[in-house]
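J.: Take this structure first; my questions come after.
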Amino acid sequence: MSKFKDVFVIDDDKVFHFIIKKLFSNNNIDINPSFYLNGLEAIEEIKDKISNGVTMPDLILLDINMPIMDGWQFLDEFRKTRNPTEGGKTIIYLVSSSDSISDINRAKEYQDQVKDYFFKPMSLDDLKKIF
């Protein structure tokens, strides 16, 4: 049983979507994942949830490098958008193929939002750290 139910996977890589779905299903991780190809799609869904009084996602797995709205832009917008009464309930993990020191250091600037940084491809061990 997962402590997270409503999970957003925000990544422009459909292969990553497939792999993460397989990791969830093959390891009986009981969640309700939603998949988005960029940060804009996800932030619009979050704004819609807020306007309809629906709770925020429990967990977000967020890529950094995406078209339209990248992970950094998403984090900036999420910071402005999230429901203040929800506090810090949504946990965000960055999942990126970037091993750039500048990206890793930049992630630390978002420590109020980002719990950890994982490198792609995610492994079962990585998921066990989250779930």
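J.: Whether any residue in region 88-99 is touching a residue at least 60 places away in the same chain (Cβ under 8 Å), in contact with a helix residue (DSSP H, G or I) (Cβ under 6 Å, 6 or more places away or on another chain) and surrounded by fewer than 19 Cβ atoms within 10 Å (Cβ to Cβ) is what I want to check.
T.: No, that holds for no residue.
J.: Somewhere in region 48-55, is a residue open to solvent by less than 10 Å² (accessible area, probe 1.4 Å) and among the small types (Gly, Ala, Ser)?
T.: no
J.: Being of a type in the set (A, V, I, L, M, F, W, C), touching a residue at least 40 places away in the same chain (Cβ under 8 Å) and either part of a helix (DSSP H, G or I) or under 19 Å from residue 75 (Cα atoms) (or both): is that true of residue 15 here? Before the answer, list the steps.
T.: Values: of a type in the set (A, V, I, L, M, F, W, C): yes; touching a residue at least 40 places away in the same chain (Cβ under 8 Å): no; either part of a helix (DSSP H, G or I) or under 19 Å from residue 75 (Cα atoms) (or both): yes.
Criteria not met by residue 15.
J.: Does residue 47 count as assigned to a helix (DSSP H, G or I) and not aliphatic (A, V, I, L, M)?
T.: Values: assigned to a helix (DSSP H, G or I): yes; not aliphatic (A, V, I, L, M): yes.
Yes, satisfied.
J.: Here is a check on your reading of the model: is residue 20 over 24 Å from residue 119 (Cβ atoms) and either touching a Cys at 6+ places or on another chain (Cβ under 7 Å) or surrounded by 15 or more Cβ atoms within 10 Å (Cβ to Cβ) (or both)?
T.: Taking the combined requirement at face value, the residue does not satisfy it.
J.: Looking only at region 102-128, count every residue that is basic (Lys, Arg), at pLDDT 90 or above and in a helix (DSSP H, G or I) and tell me the total.
T.: Residues meeting the conditions: 2.
The values are calculated or read from the model by the stated rules, or taken from the named source; none is laboratory data. Predicted model, so just to flag it, every value in this text is computed and none were measured. So basically every Cβ, Gly included, is an ideal-geometry build from the backbone, and we count neighbours across all protein chains shown. These area figures cover heavy atoms from the full protein model, side chains too; ligands, DNA and RNA do not enter into them. Shrake-Rupley method; radii C 1.70, N 1.55, O 1.52, S 1.80 Å.
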